[in-house]
Amino acid sequence: MTQKNRLAGGQINRAKTHKFMFDGKHYTGHAGDTLASALLANGVRLMGRSFKYHRPRGPLTAGSEEPNALVELRGGARQEPNTRATTAELYDGLLARSQNRIGSLRFDLLAVNDRLSNFLTAGFYYKTFMWPAAFWEKVYEPIIRHAAGLGSLSLKDDPDTYDKGFLHCDLLIIGAGPAGLAAALTAGRAGLDVILADEDFRMGGRLNSETHSLGDQSGADWAAATVEELASLPNVRLMARTTIIGAFDHGIYGAVERVSDHMHTPDAGKPRQILWRIYTKRTILAAGAIERPVAFENNDRPGIMLGSALRTYANRYGVAVDRRVAIFTNNDDGHRTAADLVAKGVKIAAVVDVREDAPRSLDYEVLHGEIKDTKGRLGLTFAEVRLADGTMRTLECGALGLSGGWNPNVHLTCHQRGRPTWNETLAAFVPGGMLPAGMTVAGAANGDMSTAAALRGGAKAAQNAMDLKGKLPSLPQAEDAPVNLKPFWYVEGCNRAWLDQQNDVTVKDVKLSHQEGYRSVEHLKRYTTLGMATDQGKTSNMGGLAIMAELAGKAIPEVGTTIFRPPYTPTAIGVFGGRHRGKDFHPTRLTPSHTWAEEQGAVFVEVGNWLRAQWFPRTGETTWRESVDREVLATRTSVGVCDVTTLGKIDVQGTDAAAFLNKVYCNGFAKLPVGRVRYGLMLREDGIVMDDGTAARLAEDHFVVTTTTANALPVYRHMEFVRQCLFPDMDVQLISTTEAWAQYAVAGPNSRKVLEQIVDRDISNDAFPFMACANVTVCGGLRARLFRISFSGELAFEIAVPMAYGDALIRRIVEAGAAFDITPYGTEALGVMRMEKGHAAGNELNGTTTAANLGMGRMVSTAKDSIGAILSRREGLNRADDLRQVGIKPVNPRDPVPAGAHLMNESGVIDAAHDQGYVTSACYSPNLGHAIALGFLKDGANRMGERMRLVSPLTGVNVDVEITSPHFIDPDGERLRA
Amino acid sequence: MIINHPLLGPRDSAEFTYMGDARLIDRPDAGSDTAAQDFYDYGYLRDNPAGWHEELWFHEAGDRSWLVVTRNTLTHEISDVKLARDVARSRGRKL
Amino acid sequence: MHNLRTVTALGVAAPRIDRFDHITLAENDGLALASVAARLGKEAACHAALGNLLGGVPDIGRTILRDPEAGFWMGPEQWMIGAPRATHEHLADQLKERFGDAASITEQSGAWATFDVTGAMMREMSERLCNVPIRRMIAGDVQRTVIHQLGCFVIRREAEDHIRILGPRASAKNLHHALLTAALALA
């Protein structure tokens, strides 16, 4: 097809022709086109169907405020719904489809909704689908979802990447129109770090769309020359295709740069979009203004658009929307459109002006009156005019430009606490209230509507914001016309006159909501959905407010406005994820034995971001239980080895180190001798257990504290709080050393025999008894730390070397243990052995547990002050029937004792009121040959041997169990002292 | 938000962990006759002002200092930032 | 002498280098590290010892780049000292002797993975990684920040196009992946 509506001129590159496809048809356009401008050049006005009534629609605007021309862009996995044809940059091979239709765009089967419009008014869904309630989810909602809506997702993984980044500047300028460019020149020439961001791919704003000159240049040429100068300044960063989506606290702005959206596919390795976090000292908002339409009957036909859009298509893109155009205006701007189009050879059917004193013209006819209605099924053909004297006239036209005045683009001024204020001259809201910190507004966004005022305002704003001395840069002469406007929102007597074209909200809907008692603007918004579409009502809110004000007999500012919120324009979710998706969603931590464990075929599990070996399957083992049982039995009968690097380690040094630990642990540490380790229980100030671990005293003034894997960071933070905020004059220094040391537990009756081959000193029971610790050397001289501690309950050691040697040490330990068939074990076997031994872990330390619950009440020293000691003594935490940790075993050895099940008395009612306690951890004990569990039971310490029922009504469990000591194996601890 | 760290200058609040009311510095005397009541008040009774509030922030991804930040909970305006250790000392906290 | 071999933070025998026209990303496996924290009331003695070692006390947010030992500020009255591992394997012990009871010394060699990023697009790459104001940093500036959710130190080295990144060693592979993809996205 030829570009039959293409005019001469414009800022497109005619030397470069792009082929593209819309709804299966081939078209051509030029570099510099948008999808909308290229389709209009080809005579295509119909680009979509509306949300609710499936009315035929074409573009209303030429910018990002577009409510109508939403399309599915690209194909396959790269398909993106709801992109605005008015901003989608044309490229060769672009593929687009219209959306929200059944059948073709021209013969949408759901256009029947339009005939049913009398029923589909505001609140229709609320009122109609209330009964029967069960029908909503199964019947009504699917039908409505199918019928109403926007584009569809590909449901495939997005093949492109998105990135994030961080920028710093002195001055962020949002919008590169006349005000933004003047501000950038002023600050850029002064040497400040400036970022100039504009959502458009071509900087210049309205200068690219207007015909008036700046000095002796066209506006577009001046913009291009200015951009060129700015680009040459090293301190100025120009960011085209970049939308500032949000203004956040203290000069932080979110920006989305569309790096590859204008390309067929992103270059290799390059992201599609980048989410920038911009830190700036000051900001100038120069986002311009958005023209508003006027409501009248059938004002939504393709071909009816904003007058400013007609100018943009004609002047910037060299496109006549139609060769015969009518204008409907309430201000001088409509006449500017007419003059520009006449100059391009377009026939003006008439300019319909609501003002009695409308300017006259020799080039076109001016009618005093208003547009009453329009005709044209798939696009405008006629406009019916009601003249001021009451007579009717029909205008033949394929396009109709609407000029209802301009709304300063206050969106970003509202993102903090800004609340716009009313300007009578413009009949529009201008920025007001508390603007985001450091922000000033310039140009049309501030209500300075002429080009000259924008240039001046931009330069001044930069000068004031940055406290610059000296003269402003010389700015070119430019038009300085005053605003001459008669507020006019809708044509009397209209009903099906669209305010919000994206959500299909009409004047009638607003009237109905008023009639039904909705008085607050926020209620109006939610009831009618006015302004709740993806365009946030940029072109529709004002009309709704004005009608509401009129019905309520109030002035518009008394009615107030709804609030614009981030993001400024719809933003792809992918860019918020950035590179953090899939396996990169969050970083993992690898243990020093990871490579070795992989070689052994370990199965890994993620624990507090660590990838830990869960078990080590061997050939012939078909279930995980087989592997775990083997690892447990081998450790208890000979020797096993396990990577325990993941436990948090905190280095505590200073002359007050012991006194400090006395504060953070509820049990005493002052008298712990050098060379000894002690178990420590850490409470929160409210008396609940925070964490447990060990503290090893390596010197008078040096301890190494361990934490549970998951709590390493919170415990460190807490200890720093105690140190800095509670006891600031203690001589104690803290630093995390979790990742500095590779640490292995070697456990089992043969563990000493293995380590004797590794450690360069006597580790006999006399020389190195239970709970000993020491700095040692291993393998003939490598510095190491040795601890005789045991989580498994066996004779055991933990040995630590600097991290870089961790891989070598695990291999050496396994080599030394070969004679004893040393068995690597994972977290599952570790868990089984700690349950057999009755040690509490994360399941028991669940944020509700006291020391008394754990049977460690006596550990809370009364001889000293420690965090949590006072509140742990509260009456409510010390009742006679408090929960106590117990062991639980099935009466029938074949029965399971699942975690989460609850304990009930042997007979009686089974319900929550009779609950006696619950299971926290459970496993199969290969040593005992049946399941075992740890749990909490009311008055548990006095119920040893009692028969109870373990129930889980949800999963159908009801098992007879016996309450036992939690220490299933070696209750007297003979093994670990061996 | 930007927190103007007394040592490091302006830093993104994303680097910090928030804890709450800076009155947590004023831990009661455990040896007092009224310790039980004092610790109850300390642990559970807090103001929740719509306006200026002194609160504790930990520079976790930074220099590991606890800070006392005076912040307006309505506007997020920050009027003062101090090292919590200095505040604790000035309030007479010792060993 | 023991005969245990070390592996780099990336878990291999020799440090990895990724070289492109615009960026070179090199794992630096040659650093011994130890932290120094002044004991309460011994700050003057600690500063004097730092002066002896580095020729000065690294100021807030600053590094003293000096051979063989260098040091940077970590927090109030706390510094990180680095030196070549080949000559300073026992750095923490050596520092303990120098500082005596004026400071708490903690070995940190194993805790960190170190990457040197150099090249014409180092700044652009930094901007994709973290919030340090890379274009305002001068040689010797150091800032702790977050890269790919990992707490890291970023040090501006002497060369205009050189930063050194110290990140948590256990996540070295993730950190390297983040650095590499950032480099490739700028190619």
Legend entry - Candidate set: segment A:774-786, residues that are open to solvent by 10 Å² or more (accessible area, probe 1.4 Å) and part of a strand (DSSP E or B); chosen: the one farthest from the other protein chains (Cβ to nearest Cβ): A:Ala774
Inset, instruction - Kindly indicate the residue of segment A:717-732 that is within 12 Å of chain C (Cβ to nearest Cβ) and open to solvent by less than 20 Å² (accessible area, probe 1.4 Å) and also nearest to the chain's Cα centre (by Cα) among those meeting that condition. - result: A:Glu720
Inset, instruction - Just give me the residues in segment A:249-272 being among the basic types (Lys, Arg) and open to solvent by 50 Å² or more (accessible area, probe 1.4 Å), in sequence order. - result: A:Arg258, A:Lys270
Inset, instruction - Determine which single condition B:Thr73 fails, assuming it passes every other condition in (1) open to solvent by 60 Å² or more (accessible area, probe 1.4 Å); (2) hydroxyl-bearing (Ser, Thr, Tyr); (3) away from chain A (no Cβ under 11 Å). - result: (1)
Inset, instruction - Being charged (D, E, K, R), under 34 Å from the mean Cα position of the chain (by Cα) and in a strand (DSSP E or B) is the filter here, so list the residues in segment A:6-50 that pass it. - result: A:Arg49
Inset, instruction - Could you tell me whether any residue of segment C:76-89 is basic (Lys, Arg) and farther than 21 Å from C:Asp29 by Cβ? - result: no
Inset, instruction - Can you confirm whether segment C:60-75 contains a residue that is more than 17 Å from the chain's Cα centre (by Cα) and either of a type outside the set (Ser, Thr, Tyr) or not assigned by TED's automatic domain parsing to the domain that holds C:Ile165 (or both)? - result: no
Inset, instruction - Output yes when any residue across segment B:24-43 is of a type in the set (Phe, Trp, Tyr) and away from chain A (no Cβ under 12 Å), and no when none is. - result: no
Inset, instruction - Take the residues in segment C:7-37 that are β-branched (Val, Ile, Thr) and in contact (Cβ under 8 Å) with a residue 12 or more places away in the chain, then tell me which one is nearest to the other protein chains (Cβ to nearest Cβ). - result: C:Thr8
Legend entry - Single residue of A:Thr413, A:Thr394 found to be more than 19 Å from A:Ser308 (Cβ to Cβ), among the polar types (S, T, N, Q) and surrounded by 18 or more Cβ atoms within 10 Å (Cβ to Cβ): A:Thr413
Legend entry - Failed item in (1) in contact with a His (Cβ under 7 Å, 6 or more places away or on another chain); (2) free of Cβ contacts under 8 Å to residues at least 24 places away in the same chain; (3) of a type in the set (S, T, N, Q), with A:Thr622 passing the rest: (1)
Inset, instruction - Would you point out which residue out of C:Gly100, C:Gly167 is modelled with pLDDT of 95 or more, within 28 Å of A:Leu782 (Cα to Cα) and not assigned by TED's automatic domain parsing to the domain that holds C:Gly61? - result: C:Gly167
Legend entry - Verdict on A:Ala804 being at pLDDT 95 or above and either crowded, with 24+ Cβ neighbours inside 10 Å or more than 14 Å from chain C (Cβ to nearest Cβ) (or both): no
Legend entry - Residue list for segment A:899-949, filter: more than 47 Å from the chain's Cα centre (by Cα), open to solvent by 50 Å² or more (accessible area, probe 1.4 Å) and of a type in the set (A, V, I, L, M): A:Val909, A:Leu928, A:Ala941, A:Met944
Legend entry - Of residues in segment A:678-692 being more than 15 Å from A:Gly876 (Cβ to Cβ) and of a type in the set (A, V, I, L, M, F, W, C), the one nearest to the other protein chains (Cβ to nearest Cβ): A:Leu683
Inset, instruction - Tell me, please, whether a residue that is buried (at least 21 other Cβ atoms within 10 Å of the Cβ), touching a Leu at 6+ places or on another chain (Cβ under 9 Å), touching a residue at least 60 places away in the same chain (Cβ under 8 Å) and at positive phi can be found in segment A:479-490. - result: no
Inset, instruction - For segment A:291-315, enumerate the residues that are open to solvent by 10 Å² or more (accessible area, probe 1.4 Å) and not polar (S, T, N, Q). - result: A:Pro293, A:Glu297, A:Arg301
Inset, instruction - Look through segment A:733-773, keep the residues that are over 46 Å from the mean Cα position of the chain (by Cα) and of a type in the set (Asp, Glu), and return whichever of them is surrounded by the fewest Cβ atoms within 10 Å (Cβ to Cβ). - result: A:Asp766
Legend entry - Residue in segment A:438-451 that is without any contact (Cβ under 8 Å) to a residue 24 or more places away in the chain and open to solvent by 50 Å² or more (accessible area, probe 1.4 Å) present: no
Inset, instruction - Kindly check whether there is at least one residue in segment A:703-710 that is aromatic (Phe, Trp, Tyr), open to solvent by less than 10 Å² (accessible area, probe 1.4 Å) and in contact with an Asp or Glu (Cβ under 9 Å, 6 or more places away or on another chain). - result: yes
Inset, instruction - Kindly state which helices (runs of 4 or more DSSP H) lie completely within segment C:84-167 and contain at least 1 residues that are of a type in the set (S, T, N, Q) and either at the interface with chain A (Cβ under 10 Å from one of its Cβ atoms) or surrounded by 21 or more Cβ atoms within 10 Å (Cβ to Cβ) (or both). - result: C:122-129
Legend entry - Total residues in segment A:858-896, condition in contact (Cβ under 8 Å) with a residue 12 or more places away in the chain and assigned to a helix (DSSP H, G or I): 6
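The values are calculated or read from the model by the stated rules, or taken from the named source; none is laboratory data. Because the structure is a prediction, the values reported are computed rather than measured. Neighbour counts run over all protein chains shown; Cβ positions are idealised from the backbone, glycine included. Just the protein is used for accessible areas: all its heavy atoms, side chains included, with ligands, DNA and RNA removed. Shrake-Rupley method; radii C 1.70, N 1.55, O 1.52, S 1.80 Å.
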